[in-house]
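Undergrad: Mind having a look at this structure? Questions to follow.
The numbers here are math on the coordinates, done by the rules we state, and not lab data. A quick note: this is a predicted structure, and the numbers were derived from the prediction, not measured. Positions of Cβ are backbone-derived with ideal geometry, glycine not excepted, and every protein chain shown enters the neighbour counts.
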Amino acid sequence: MKKLLDIDKLLALSIPDIQEQVRKIKYNLSSEERKIITFSKNYTLSLSNYCQNECGYCYYNYRIPKEKGEENVVLLSKEEIKNKTETALKYGCKEALIMSGENPEIFPEVQNLLKDYGFNNYLNYVEYICHYLLEMDILPHINIGLLDLGEMKTLKNIVASIGLMLESTSKKLYKDGGVHENSPGKFPKKRIKHIEMAGKLKIPFTTGLLLGIGEIMEDRIRDLLLIKKINDKFGHIQEVIIQNFVKKPHINYQPPKMISMKEMLRVAGLAKIIFKNKIAVQVPPNLIAGYEKEFLNMGIDDFGGISPVTIDYINPENRWPEIKRLEKICKKYGFILKERLPIYEKYIDNQSFCPEKIQKIIKNIRGNVVKRSL
């Protein structure tokens, strides 16, 4: 009953009410901390867009025809990984976002290339990439869909963090005609189990909501409260992404009305009220362009990964902003844009969350930054 009352109270808050509560939450930080908005300079290794799920809103999936200049990827080769990484290093990237479709190994095309590349299975391939990146002083952030406990244990000591969007637990999305009707990996119980397993293993974690895919405001608030509950138990969720669905060609899901920036702002503010200053609230800057001031004033903490070298493979038509331009926008409205790593500062000195191998790479990265500044 208390949970329902909490949802009702949050639903009843007006935008000015939300802003006032957000201001009070921010004032629990030091004057310097209040001004800081973080981001990570990264690049993406999109390993394969072969996926067991067929989400109605997804443009990334190999089944969807791509626009001119884009292409499907069965499996990145070692040479492609090396070339992309060498380019990223020239631009000062410190994070590699390793992403793919979920369970691509079920497809014969992927299996065949894994064998050709000399790997027994997909996890061995991902392990190889992580070890290679660490040798290059790049921190891996993994987001490749559902993992089991054994796979997470294998990756724990060779990644900085892991990500998996909760997206939405709304039941209607899984019924006939819903966007997750043909997506076995998107069932809420499976996603929640994955997030909780990461907590048990003390892996710094990123999750988030995808808004505008058929859910309602009550669903969003319930999901934010669920994320808070999980983090209260394990303390491993470092950031929550509030991401808006953007229309694209060729996909099945074409809603008559798109989610508005007003709704996005409302959810971002409610997330700040629910998480307070314990979990960072993140919005993708390429999807809220022109509304940076409003989101900054709504208490967001982070702009996520911004790449100077690779596109947003989920929303390729929405280019990443130039970091210098975003820095100017933040400064204009009284904020300071600050680069961070894919593992948040509060976890770095804790070996339970940040294994010795990752701590060593972080020291190398920071040492390289100091050398370049001299």
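Undergrad: So what J values fall out for region 60-74 if you push phi through Karplus, 6.51 cos²θ - 1.76 cosθ + 1.60 with θ = phi - 60°, rounded to Hz, Gly and Pro as x?
TA: 5, 3, 4, 6, 8, x, 9, 6, 4, x, 10, 7, 7, 10, 6
Undergrad: While we're on this one: With n ≥ 4 as the cut-off for DSSP H runs, can you work out [θ] at 222 nm for the chain, using -39500 (n - 2.57) per run divided by the number of residues, rounded to the nearest 500?
TA: -13000 deg cm²/dmol
Undergrad: When a footprinting reagent is the concern and you count Cβ atoms within 10 Å, what order do Ser31, Ser40, Ser100, Ser307 take, fewest first?
TA: Ser31, Ser307, Ser40, Ser100
Undergrad: Please work out whether region 1-54 counts as rounded, prolate or oblate from its C-alpha gyration tensor, where a ≥ b ≥ c are the square roots of the eigenvalues and a/c under 1.5 means rounded, while otherwise a/b larger than b/c means prolate and anything else oblate? Let's see the in-between values first.
TA: Values: a/c = 3.63, a/b = 1.37, b/c = 2.65.
Since a/c reaches 1.5 but b/c is at least a/b, the shape of region 1-54 is classed as oblate.
Undergrad: Further, regarding this structure: Near Lys175, which lysines are there with a Cα under 19 Å away, not counting those fewer than 8 places off in the same chain?
TA: Correct list for Lys175: Lys186, Lys189, Lys190.
Undergrad: Report the full-extension gain for the segment Asn350 to Asn143: residue separation times 0.36 nm, less the Cα-Cα distance, to one decimal in nm.
TA: Values: separation 207, 0.36 × 207 = 74.52 nm, distance 2.25 nm.
Contour length minus Cα-Cα distance gives 72.3 nm.
Undergrad: For a quick check: with amide H placed at 1.01 Å from N, whose amide H comes under 5 Å from Ile36's, ignoring anything fewer than 5 positions away on the same chain?
TA: Ile336
Undergrad: Still on this structure, please answer the following. Below 22 Å, Cα to Cα, which lysines can Lys363 reach? Residues fewer than 8 away in the same chain don't count.
TA: Output for Lys363: Lys41, Lys90, Lys94, Lys156, Lys202, Lys338, Lys346, Lys371.
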